[in-house]
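Colleague: Quick one: the structure is below, questions incoming.
The values are calculated or read from the model by the stated rules, or taken from the named source; none is laboratory data. This is a predicted model, so every value here is computed, not measured. Neighbour counts are summed over all protein chains in view; Cβ atoms, including those assigned to glycine, are modelled from backbone coordinates with ideal geometry.
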Ligand code: NAD
């Protein structure tokens, strides 16, 4: 593979870990290659951390809790996070370019991710000193109150698809509540996580409050998940790894937040405003080349408008172009050759009536080494078909007809996931009924995603996971409640 990092605007050394406020080489001295999915080129290297690096990071986090970070008042934590948000905005162009080259996402999306990260810092910076306990009326002679305290050391294991957004909602919430964090980014895309450490240092975050160790999941990730010095785990990623994380957490009897996959449906009724729905139906499926946990990969359409919706979606699909991230077209490549092969194999198994009804194209400017796939629209698949049931994590949507509300609900709730769902209908009573009955962590009515607001609690049910991040709700998860009962007679 050619080696080119010429256009990567790094302002930090990605071959170092951030531990205890210092930039340190990994104990193994080994590195992992950084690939640009748009070209297949190796554009740099990150440190390959192992268990001893995780040990050092957890120890540094504990030291910071016993020292300066543990004594930092909520208002000051808020100022630091707010400052960090501003420093992120100062670097918006560099961060967006780094993310586009590391993840393969169109520059515009990468830029939106930077803005979201800054917004998380602003939101959680402002929230630090607004979460508090209660006084509880109790027996005569007692005063009872509750305290919201940090768990202690929190471990954060994140995926490659939205590194900055997930750091924002996970590490942002944990720091706001005064925890000391150890972050293990994904090996496929860790650069902006390291950049976040550099900017946190610049913002004046006390040493050890944030530690970043890069490395492989089965190595550094597993060491973090099972570490006895960690008091809470936040994991975002696949179901299979989530199960391992929960098992590791169970051994140490610590709480865990799992943000896993999805097969999120949009329910389109015959009385919906189709012009309003159309852009959401498609964009929610192809954003980030479909590599979004909350991607809408199932479009359920009432029979009366099924043909019309399928035709209009097909038309739109024919215009979708996959192109290098920096070209800023509709979608970029998928993250890796492995992912590309996996998706192709799934699409090669068109069983139970499933057929490709429309496809986008791949730009002539796309280098042969990049991992491109055309956006692919499927129809005719039974709701029990593997394409209707399993998370594909690529630019693929399945359109499924339904008869009536009961049928729509049955199909929508008929997977093992439950992350996001949306309802397109002008019938208010139906909106309310379905919002209650859908098996989903978030429900959107006549929209999809609501712009992804950082204020909106997010998380799944079923195999989509448990626990909530984002919004104020995350701060309850990243803290532990203590009850104090004073007897004074
Ligand atoms: P993954 O589970 O393979 O990896 C996620 C993280 O876990 C990485 O940092 C990886 O290094 C680490 N890891 C891997 N094996 C590990 C182990 N044995 N012990 C500890 N850590 C380990 O997931 P992925 O392929 O990077 O991401 C795709 C998945 O993530 C999809 O299923 C997607 O739906 C999900 N996801 C969910 C959300 C959400 O908020 N619900 C957001 C983004 C992605």
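Colleague: Being away from the ligand (no atom under 16 Å from the Cβ), within 24 Å of residue 289 (Cβ to Cβ) and crowded, with 16+ Cβ neighbours inside 10 Å is the requirement here; does residue 399 meet it?
Modeller: Answer is yes for this residue.
Colleague: Is it the case that residue 100 is touching a strand residue (DSSP E or B) at 6+ places or on another chain (Cβ under 9 Å), under 19 Å from residue 187 (Cα atoms) and outside the structural domain of residue 338 (by TED's automatic domain parsing)?
Modeller: no
Colleague: Hey, any hits in the range 430-444 for a residue that's crowded, with 23+ Cβ neighbours inside 10 Å and closer than 30 Å to residue 372 by Cβ?
Modeller: The answer is no; no qualifying residue exists.
Colleague: OK, next. Of the numbered conditions (1) within 15 Å of the ligand (Cβ to nearest atom); (2) within 19 Å of the chain's Cα centre (by Cα); (3) part of a helix (DSSP H, G or I), residue 219 satisfies every one except a single condition; which is it?
Modeller: For residue 219, the failing item is (2).
Colleague: For the subset of the range 442-463 comprising residues that are within 20 Å of residue 173 (Cα to Cα) and assigned to a helix (DSSP H, G or I), which member is nearest to the ligand (Cβ to nearest atom)?
Modeller: 452
Colleague: Now for a separate question. Please indicate, with yes or no, whether at least one residue in the range 345-353 is in contact with a strand residue (DSSP E or B) (Cβ under 8 Å, 6 or more places away or on another chain), touching a residue at least 40 places away in the same chain (Cβ under 8 Å) and either under 18 Å from residue 312 (Cα atoms) or assigned to a loop (DSSP other than H, G, I, E, B) (or both).
Modeller: No, every residue in the range 345-353 fails to be in contact with a strand residue (DSSP E or B) (Cβ under 8 Å, 6 or more places away or on another chain), touching a residue at least 40 places away in the same chain (Cβ under 8 Å) and either under 18 Å from residue 312 (Cα atoms) or assigned to a loop (DSSP other than H, G, I, E, B) (or both).
Colleague: Also, I was wondering about something else. Return yes when residue 191 is more than 9 Å from the ligand (Cβ to nearest atom), more than 20 Å from residue 77 (Cβ to Cβ) and touching a residue at least 60 places away in the same chain (Cβ under 8 Å) and no when it is not.
Modeller: Criteria met by residue 191.
Colleague: Those residues that are within 30 Å of residue 217 (Cβ to Cβ) and without any contact (Cβ under 8 Å) to a residue 24 or more places away in the chain, I need them from the range 47-91; list them, please.
Modeller: 66
Colleague: Can you tell me how many residues within the range 464-488 are touching a strand residue (DSSP E or B) at 6+ places or on another chain (Cβ under 9 Å) and not in a strand (DSSP E or B)?
Modeller: Qualifying residue count, the range 464-488: 12.
Colleague: Among the residues of the range 350-357, is there at least one that is buried (at least 22 other Cβ atoms within 10 Å of the Cβ) and either in the same structural domain as residue 106 (by TED's automatic domain parsing) or touching a helix residue (DSSP H, G or I) at 6+ places or on another chain (Cβ under 9 Å) (or both)?
Modeller: no
One line per residue, one yes/no per condition, for (1) within 16 Å of the ligand (Cβ to nearest atom); (2) over 17 Å from the mean Cα position of the chain (by Cα); (3) farther than 17 Å from residue 301 by Cα; (4) in a helix (DSSP H, G or I):
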{"site": "374", "(1), (2), (3), (4)": "no, yes, yes, no"}
{"site": "378", "(1), (2), (3), (4)": "no, yes, no, no"}
{"site": "392", "(1), (2), (3), (4)": "yes, no, yes, no"}
{"site": "408", "(1), (2), (3), (4)": "no, yes, no, yes"}
{"site": "411", "(1), (2), (3), (4)": "no, yes, no, yes"}
{"site": "423", "(1), (2), (3), (4)": "no, yes, no, no"}
{"site": "434", "(1), (2), (3), (4)": "no, yes, no, yes"}
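Colleague: Take residue 224 and decide whether it is surrounded by 20 or more Cβ atoms within 10 Å (Cβ to Cβ), within 8 Å of the ligand (Cβ to nearest atom) and at pLDDT 95 or above.
Modeller: yes
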